[in-house]
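**Q** Attaching a single structure in structure tokens format; questions to follow.
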Amino acid sequence: MKLNQKPNVLVVCPPGHYVLRNLASISERANVWVGNDTQALDERAPDAEIILFSGLTGATVDFADVWHHAQHAKWVHSLSAGVEKLLVPEFVASPVPLTNAKGVFKRSLAEFAIFGILFHYKHGRRLVENQRAHRWDDFTVDWLPGKIMGVVGYGEIGRECALLAHALGMRIHAVRRKPEQSSGDQIVERVFASHDLPQMLAEVDVLLAAAPLTRDTRHLLSTREFETMKPSALVINVGRGPVIDEAALIAALEHKRIAGAALDVFEEEPLPASSPLWDMDNVLISPHCTDRTREPDWLDLAMKVFLENFDRYVEGEPLINVVDKKAGY
């Protein structure tokens, strides 16, 4: 059923941020309020029907404070794909749907995953250092065909990483809570149940972490998991930082239990200057920015999902990218 009146949309975002330009397209169909402080919440949240929580545009108020005021909210949208900061118990228990930017950044993240593998396989650091030193130092390199990528978190991002890796000749293994969901998937060679994670890890050449952060995935990859892997294996993380036990990863890298890592996310961000990861020759660090594309602009891409869902909402159609709040993704 279509709405007969303009919905009130509360946008939790720093006022004046450029991403707000995208809201011009709904300005005649909605009452749009922008705020990012306690006063704005007190004044606007109680009457908000739709809440757009930015999350990616700089510091924002806590969503728990937003939800405390949101007595009449009927739909919440997260501009980011990660939603763990929004899943306060009262919101999870409510019937109000949550949607997110699932899949928006998958290609850029997948490109970084491939870059991270090639950085290690082609000895990117050694190439750069030799070039700077004007040193002709020829050496052998690895290649991707026949290598096994094991994916933890075979969702939109994980599958996109697998798609690019498969195109370059890699064999794809994945672990899933529900292996049957990959039935008929032409990219995956083997799918393991969650309890068979150690079996998959023992075989992989590249471990790709793209899992959401939930109670079950926090520190899913820790000392025991790294000890199971080949000494030649690489770890790539393009999901959520705390899925990997960072102290355990550092120890595994220092003691050569694994060969290297390429990381876009970390347990603490910004990564502290004191972290040993900064000084490791076998680690490639991205400051959680590999999905921040310039053209098309990454935040404009994220906003497109909200705008499509807004059209669906006012037309009474089903929303896309609905999050299972209890599962956490």
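A short reminder: the numbers here are calculations on the coordinates, not readings from a lab. Keep in mind it's a predicted model, so treat the numbers as computed, not measured. Cβ sites come from the backbone with ideal geometry, for glycine too, and all protein chains shown count toward neighbours.
**Q** Obtain the nm distance between the two label points defined at Glu308 and Ser183 by a simple spin-label model: each point lies 7 Å from its Cα along the Cα-to-C-beta direction.
**A** Going by the 7 Å Cα→Cβ label model, 2.7 nm.
**Q** Right, next: In whole Hz and in residue order, list the ³J(HN,Hα) couplings for the stretch 95-111 that follow from phi through the Karplus curve 6.51 cos²θ - 1.76 cosθ + 1.60, θ = phi - 60°; x for Gly and Pro.
**A** Going residue by residue, I get x, 5, x, 10, 10, 8, 9, 3, x, 5, 9, 5, 5, 5, 5, 5, 4 Hz, with x marking Gly and Pro.
**Q** A follow-up question, please. Pulled fully out, how much extra length does the chain show between Trp33 and Val88, if you take 0.36 nm times their separation in residues and subtract their Cα-Cα distance? All intermediate terms of the calculation are to be shown ahead of the outcome.
**A** Working: separation 55, 0.36 × 55 = 19.80 nm, distance 2.30 nm.
Roughly 17.5 nm would be gained on extension.
**Q** May I ask you to compute the full-extension gain from Gln71 to Ala133, defined as 0.36 nm times their residue separation minus their alpha-carbon distance, rounded to one decimal in nm? Kindly include the intermediate steps, with their values, before the conclusion.
**A** Details: separation 62, 0.36 × 62 = 22.32 nm, distance 6.38 nm.
Value of the extension gain: 15.9 nm.
**Q** Based on the mean of other beta carbon atoms within 10 Å per residue, what is the order of 225-235, 280-290, most packed first?
**A** Details: 225-235: 19.4, 280-290: 16.3.
So the peptides 225-235, 280-290, ranked by packing, come out 225-235, 280-290.
**Q** If you keep only loop residues by DSSP, which trypsin sites (Lys or Arg not before Pro) in the stretch 2-58 have at most 16 other Cβ atoms within 10 Å of their Cβ?
**A** Those that pass, being in a loop and sparsely packed, are Lys2, Arg29.
**Q** Top mean-square fluctuation among His134, His166, His17, Gaussian network model of the chain, C-alpha springs under 10 Å?
**A** His134
**Q** Considering the alpha-carbon set of the chain alone, what are its Rg and its Dmax in angstrom?
**A** 21.7, 72
**Q** Can you tell me the length gained on complete extension of the stretch Val61 to Thr223, counting 0.36 nm per residue apart and subtracting the Cα distance? Show your work: numbers first, answer last.
**A** Values: separation 162, 0.36 × 162 = 58.32 nm, distance 3.53 nm.
Taking Val61 through Thr223 to full extension adds about 54.8 nm, to one decimal.
**Q** In whole Å, largest first, what are the principal axis extents of the Cα atoms in the stretch 106-285?
**A** Computed over the stretch 106-285, the largest-to-smallest principal extents equal 53, 35, 28 Å.
**Q** Can I ask one more? For helix 298-315, what angle does its Cα long axis make with the longest principal axis of the chain, in degrees from 0 to 90 and rounded to 10?
**A** Approximately 40 degrees, to the nearest 10.
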